[in-house]
1. Can you name the condition, by its number, that ARG246 falls short on among (1) without any contact (Cβ under 8 Å) to a residue 12 or more places away in the chain; (2) touching a Ser or Thr at 6+ places or on another chain (Cβ under 8 Å)?
2. Can you name the residue in the range 201-231 that is more than 23 Å from MET122 (Cα to Cα), assigned to a loop (DSSP other than H, G, I, E, B) and acidic (Asp, Glu) and, of all such residues, is nearest to the chain's Cα centre (by Cα)?
3. Among the numbered criteria (1) closer than 30 Å to HIS70 by Cα; (2) over 24 Å from the mean Cα position of the chain (by Cα), which one does PRO428 miss?
4. Residue check: is SER107 touching a helix residue (DSSP H, G or I) at 6+ places or on another chain (Cβ under 7 Å), in contact (Cβ under 8 Å) with a residue 40 or more places away in the chain and closer than 24 Å to PHE256 by Cα?
5. Out of all the residues in the range 222-240, is one or more touching a Phe, Trp or Tyr at 6+ places or on another chain (Cβ under 6 Å), among the polar types (S, T, N, Q) and touching a residue at least 12 places away in the same chain (Cβ under 8 Å)?
6. Filter the range 79-104 down to residues that are among the basic types (Lys, Arg) and touching a residue at least 60 places away in the same chain (Cβ under 8 Å), then give me how many there are.
7. Take the residues in the range 186-204 that are buried (at least 24 other Cβ atoms within 10 Å of the Cβ) and among the hydrophobic types (A, V, I, L, M, F, W, C), then tell me which one is nearest to SER60 (Cα to Cα).
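The values are calculated or read from the model by the stated rules, or taken from the named source; none is laboratory data. Being a predicted model, the structure only gives us computed values, none of them experimental. Cβ: placed from backbone, ideal geometry, glycine included. Neighbour counts: every protein chain shown.
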Amino acid sequence: MDFVLSEKLWKEAQEIFPGGVNSPVRSFQSVGGFPFYVSRAKGSKITDVDGNDYTDYVCSWGALIHGHAHPAVVRAVGEALKDGTSYGANSPLEIKLARLIQSAMPSIEKIRFVNSGTEACMTAIRIARGVSGREKIMKFEGCYHGHSDSLLVKAGSGALTTAVPNSAGIPPCLSSLTLVLPWNDRQTLLEAFKRQGKETAAVILEPVLANCGLIPPEEGFLECLFKTAREYGTLVIFDEVITGFRLALGGAQEIFGIQPDLTVLGKIIGGGLPVGAVGGKKEIMDSLSPLGSVYQAGTLSGNPLAMAAGIAQLEQIKKAPPYSHLETLGSELESAIKDIQRKLPIPFQFNRRGSLFSFFFTAKNIRSATDVYSVDKKRFSCFFTSLLHSGIFLPPSPFETAFLSTAHSETDIDELVKFVYDILKKMP
């Protein structure tokens, strides 16, 4: 593959942007080399500025459940664009998208749109502290809830990729209010609540970890957490930015049968445009201004283009539920990868849940973020680069999750499996 134009752009970008990027994981820092630059995308494929084509398993980090440039989404954005880009006033599209979300997630009695998952998580924490009068929060190691100060403590996603799980610029007095727990460890969870449960406003979690690679909860773990939180009057916040509308129409809370007090959404509800939302019980959400004393605002919140794209995407999901197709593709991929594991001596793990999957180059069973730290980064880098040069784009980090979309075909899966086998067979 030829990367002449991408390399030229990369050199220019480093003169303009910190690290050459506007989001750390795009820098390819953990896989080596320099990133390519996208010129266009359609379906399961993206094309870079040098004309190289890739089958895309990043899918805008899970946002594009129907793949790139789905006709219904493109049409909806085009129609909305004719009426303006932003109003600074209310739009009926906000109500329509909210109703679609509410119909899928009964736990959301009221909702507020914001502009990103980070903003939504930040707002959820502020609400929890405001209604409870408590200051402390609990989170889980490896869970990434955006880059707000209270939550960027032992985080996943880019924080792991850049080896900065605790960011500079966060005052110790603030981070001391965040208690970090190991994932899938019931005993530590119970002990933490026994010590500090009555001082804790909320516990926030990804119900299925997807920001330090994919790590599902072990059987009974979420139920234990929810029951214990109830006993101590601690709110439960599900960060379903990734899992919402991707694992099921009602997200992870539908699958596990748990209705959290607050839900954070993003990615899919914007159809590929910037958006976030926090929703939950009426009495909790009414603490937000202008009704309550918890302040939050956003000039572009409920942006008509993002609302239109989200409506189109969710209506498409309801019209033609994608979950059976995605599960079939995921199951075929998993079966083929498990077969490769039996044939080759390379130690690696493959985790999957629905349309989400991750490769971990380690012999250790992956059940927590601590296990992820043992992965062989050099092997992953070689694996990633070899796939990229074969026309396969996985997330450029050993600590991320890959995604399938309805635009992916069985041919795409067969191609991925073939390249995975060929690359691993040659790997020392």
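1. Every condition holds for ARG246 apart from (1).
2. The qualifying residue nearest to the chain's Cα centre (by Cα) is GLU218.
3. (1)
4. Numbers: touching a helix residue (DSSP H, G or I) at 6+ places or on another chain (Cβ under 7 Å): yes; in contact (Cβ under 8 Å) with a residue 40 or more places away in the chain: yes; closer than 24 Å to PHE256 by Cα: yes.
Yes.
5. Looking through the range 222-240, at least one residue is touching a Phe, Trp or Tyr at 6+ places or on another chain (Cβ under 6 Å), among the polar types (S, T, N, Q) and touching a residue at least 12 places away in the same chain (Cβ under 8 Å).
6. Step one: filter the range 79-104 for residues among the basic types (Lys, Arg), giving 82, 96, 99.
Applying the additional criterion that residues be touching a residue at least 60 places away in the same chain (Cβ under 8 Å) yields 96.
Result for the range 79-104: 1.
7. Per the stated criteria, the residue is ILE204.
Residue-wise test of (1) touching a Ser or Thr at 6+ places or on another chain (Cβ under 8 Å); (2) under 30 Å from PRO274 (Cβ atoms); (3) not hydroxyl-bearing (Ser, Thr, Tyr).
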site: ILE317; (1), (2), (3): no, yes, yes
site: GLU332; (1), (2), (3): no, no, yes
site: ILE340; (1), (2), (3): no, no, yes
site: PHE348; (1), (2), (3): yes, no, yes
site: PHE359; (1), (2), (3): no, yes, yes
site: LYS364; (1), (2), (3): yes, no, yes
site: ASP376; (1), (2), (3): yes, no, yes
site: ARG379; (1), (2), (3): no, no, yes
site: ILE392; (1), (2), (3): yes, yes, yes
